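Beneath this line is the structure, given in structure tokens, with notes to follow.
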Amino acid sequence: MARVRAGLGFAWLRVRVRGRRRGNPMSGSKPRGKGKEKERGRLPHQANALVAIVGRPNVGKSTIFNRLVGRREAIVHDEPGVTRDRHYAEAWSLGRRYTIVDTGGFDPESDDPMRQGISRQVQVAIEEADLIVCVFDGVQGATDADRQAVTLLRRSGRPVIYVANKADSDRSAFESNELYSLGVETIHAISALHGRGFNDLEDALVRALPPADELTAPDPEDMIRVAVVGRPNAGKSSLVNRLAGEDRTLVDARPGTTRDPVDTLIERDGKKFLLVDTAGIRRKSLVVKEHDAVEVVSVLRAMRAMEEAEIVVLMCDAAIGVAEQDAKILGLADERGRAVVVVLNKMDQLDRESLAEAEKTAKEKLSFAPWVPYVATSALT
């Protein structure tokens, strides 16, 4: 049995991907068409400069991110706290290319472990960034969290553009002037939803960027895309963090922590892998569109990640056992002609005999795909 450790080689993935490129002989799926090439070009932090969008929850950071990127890359919802991990995408403004990173809501006073984890992700984005866009709610006005954010950004030494979002009218733009009480010199009043003031924001952003270097982003065709999928709380984010050697994605005992797919580029033995951490996929009957629109979109994006991947890593909880939903996810990956590796996670919770029984049961429940390899891991330890 293989135990996942930092620095683990990817031999088991390379073997499967060679077979994938010839096509799965057991699947009738057709190769992906050219229509996916634009989406496959999404790479984390590969452009000349990095711009981080920060601010407290529900001020419109993801809406600004999507408008700059030019597509609905990040999930947007009225519910605070939808964005949790750092989410990267390439953007162009006035002919200048840069990478932009969306972050979760900054809430330094919260004692919620998940909120504290989000704040750590925000801090990492600030440290990485060449330029920061700090977003306020122009309607609600200044809050203690806004004041703490301004103090934190001043200490960072990074150049900052301050934005008052939700200025949908002349009146709301005027009322956003209250935010000058935070002691900042310039605030750009915008409406990310309607595009008001966005040209001025992009102009200010491009002028504040550092000089462009002649850097060439890696060719997406030179790397192997690996979608990490499975039911909620199977350990997907823990595995990605272990392989990346850092807390790239937020990990919490509560199911549903990951919302947007999170890309992580790593290299092993001269080969590049783009790991895509995805939201947990629950049974369709448990996802009610009217009650949890965010989860519906999260699941759809997890499915898209499988479409775009060469390899699908199906994370299963060995302690609980393989369930019917795991079989359905494997079936979806197989229908799409993807190479699949089944990972039986949380082996640290089982003794040798129980682990052997868990693997036997998994193979019985997934017997419709006898060619799939199994790897027992403990992403946590």
### Task
Calculate, in nm to one decimal, what Asp130 and Glu109 gain on full extension: separation in residues at 0.36 nm each, minus their alpha carbon distance.
4.9 nm
### Message
Looking only at the range 50-208, where both bridge partners belong to it, what percent of the DSSP beta bridges are antiparallel (to the nearest 5)?
### Response
30
### Task
Calculate, for Glu335 and Asn199, the FRET efficiency according to 1/(1 + (r/R0)^6) with r their C-beta to C-beta distance and R0 45 Å; round to the nearest 0.05.
0.50
#### Entry: Ranked His194, His188, criterion: other C-beta atoms within 10 Å, fewest first
His194, His188
### Message
Apply the a/c threshold of 1.5 to the C-alpha gyration tensor of the range 50-208 and tell me whether it is rounded, prolate or oblate.
### Response
rounded
### Message
At a 10 Å Cβ-Cβ cut-off, how would you order Lys363, Lys236, Lys166, fewest neighbours first?
### Response
Lys363, Lys166, Lys236
#### Entry: Shape category assigned to the range 314-381 from the gyration tensor of Cα positions, a/c cut at 1.5
prolate
### Task
Of the listed pairs Lys166/Lys236; Lys61/Lys272; Lys328/Lys363; Lys61/Lys271, which have alpha-carbon separations greater than 26 Å here?
Lys166/Lys236; Lys61/Lys272; Lys61/Lys271
### In Hz, Karplus ³J(HN,Hα) per residue of the range 123-134 (6.51, -1.76, 1.60; θ = phi - 60°; x = Gly, Pro)
4, 4, 4, 4, 5, 6, 6, 8, 8, 10, 10, 9
### Query
Label Glu178 and Lys360 with points 7 Å out from Cα along Cα→Cβ: what is the distance between them in nm?
6.8
### Query
Sorted from fewest to most neighbouring beta carbons within 10 Å, what does the list Glu127, Glu185 look like?
Glu185, Glu127
### Summary
Residue separation between Arg158 and Asp269 times 0.36 nm, minus their alpha-carbon distance, gives in nm 36.5 nm
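Values in this text are rule-based calculations from the coordinates and carry no lab data. Computed from a predicted structure; not experimentally measured. Note: ideal-geometry Cβ built from the backbone for every residue, glycine included; neighbour counts use all protein chains shown.
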